[in-house]
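Worksheet: the structure to be examined is printed underneath.
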Amino acid sequence: MDEDNIPFGKVFADHMFEMNYVDGKWSDMEIKPYGPMELSPAISALHYGQSIFEGLKAYRNLEKETMVFRPYANATRMNASAVRMCMPEIPKELFVEAVFELLKVDSQWIPNKAGTSLYIRPFMFATDNYLGVKPSETYKFLIFTCPVGSYYTEPVKVKIETMYSRACEGGVGRAKAAGNYAASLYPARKAKEEGYHQLIWTDAKEHKYIEESGTMNMMFLVDDTLYTPTTSGTILPGITRDSVLKIAQSWGYEINESSIHVEELTRLLKAGKVKEAFGTGTAATIARIKSIGYDGVDYNLPSFAEDDFSIRILNFLEDLKRGKEEDLWSWVYKVN
Ligand SMILES: *Cc1c(COP(=O)(O)O)cnc(C)c1O
């Protein structure tokens, strides 16, 4: 593995964890070689979409020990997604133990270089062989891992989407449900054709309020206040988002969680008041935004300086995850 050039999500470690939900309980826990699985063409996940996932990362500290960032938060969110999609919950201890046991087996796959990590992908899908729209009675839960480098290597150009919607009130935007991402592909492709890397979604009703980006929550630094949309039912409650807000607060920044009106944002952008805009998510950690397109106009953001908030927070998070910063929040777990 060339640690300088790890393609995101294309290289898989040697093993995977697997268990089955049958007769109302989780059983057959097993760690086995990563590889293809045999499944019936009739499994309901493929037809009616009961499929959810999570994403978290493992790192190496200076002593080469394995560190995992906030795994219980992922276990909690997986269960919240499961409830919304009529799928069975997983005892949190079991979820975390499965992650840890898999990491013990494949710890040599955790890369060392700064900015790299081992991405962990837990997921669950419905396995009843039955054509009919009803909750499945059987499920599979798996975890596999991928060594990864950084997600975006450059600052991104985003477009505020005002035609298509990601999530609506009462829908499943809060859940990390597979179908949400399928629905986002077409609008994202259109944005790419127009020269943007990513979309910023707006609310489905009026397309007037900022929601989030593809797999990232959005933040805007205006003076010393960090603005981010409230995670109402249409926004995925990101763990990176929560971590950044807590760290920023401890650094003395003002936090403003509210609804962000697009017109207000573009007014601030035009006036040069938005110092930084960035997305937060496990895959990218922090993705700096260089320009925001809205209604045919691209608003450029200031270029970077070493002491920018988003760069300091990215470095702090990297150090925290590797045990180089004191873990005031008990977020980092060591796999023994
Ligand atoms: C996963 C995800 C995020 C980021 O969540 P993290 O817990 O920070 O990784 C944000 N938005 C969407 C839509 C996501 O799927």
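Every number in this text was worked out from the coordinates using simple rules, so none of it is lab data. All values reported here derive from a predicted model rather than from experimental measurement. All Cβ positions, glycine included, derive from the backbone under ideal geometry; neighbour counts span all protein chains shown.
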Please build a GNM for the chain, connecting alpha carbons under 10 Å apart, and tell me which residue among PRO147, PRO111, PRO33 fluctuates the most.
PRO33
The answer for CYS168, listing residues at least 5 apart or on another chain whose modeled amide H is closer than 5 Å to its amide H, is GLY173
Violations at 21 Å Cα threshold for listed pairs LYS159/LYS246; LYS140/LYS176; LYS270/LYS290 -> LYS159/LYS246
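For region 226-267, what does the equivalent ellipsoid look like in terms of its semi-axes, each the square root of 5 times an eigenvalue of the Cα gyration tensor, given largest first in whole Å? Please list the in-between numbers first.
Details: eigenvalues 74, 46, 9 Å².
Calculated on Cα positions only, the semi-axes equal 19, 15, 7 Å.
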If packing is taken as the average count of other Cβ atoms within 10 Å, what order do 112-123, 53-64 fall into, highest mean first?
112-123, 53-64
Debye log10 I(q)/I(0) at q = 0.13, 0.16 Å⁻¹ for the chain, Cα point scatterers
-1.04, -1.48
Compute a Gaussian network model of the chain, connecting alpha carbons closer than 10 Å, and tell me which residue from PRO135, PRO41, PRO91 fluctuates the most.
PRO41
Fewest to most neighbouring Cβ within 10 Å: what's the order for LEU269, LEU185?
LEU185, LEU269
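Once every DSSP H run of n ≥ 4 in the chain is given -39500 (n - 2.57) and the sum is divided by its residues, what mean residue ellipticity at 222 nm do you get, rounded to the nearest 500 deg cm²/dmol? Present the calculation step by step, with values, prior to reporting the outcome.
Details: 7 runs with 83 residues, N = 336.
After summing the helix terms and dividing by the residues of the chain, the value is -7500 deg cm²/dmol.
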Hey, which aspartates and glutamates would be in cross-link range of LYS25, C-alpha to C-alpha under 13 Å, not counting anything within fewer than 8 residues on its own chain?
GLU89, GLU137
List the pair-distance distribution P(r) of region 144-199, using every Cα-Cα distance, as the percent of pairs falling in each 10 Å bin from 0 up to the bin containing the longest distance, rounded to whole percents.
20, 39, 35, 6
Going by how many other Cβ atoms sit within 10 Å of their own, how do THR230, THR66, THR127 line up, fewest first?
THR230, THR66, THR127
The residues VAL332, VAL133, VAL83, VAL68, sorted from fewest to most surrounding Cβ atoms within 10 Å, come out as VAL133, VAL83, VAL332, VAL68
Starting from the Cα gyration tensor of region 156-321, multiply each eigenvalue by 5, take the square root, and state the resulting semi-axes largest first in whole Å.
23, 19, 15
Kirkwood Rh (inverse of mean 1/r, distinct Cα pairs), region 88-168, angstrom
16.7 Å
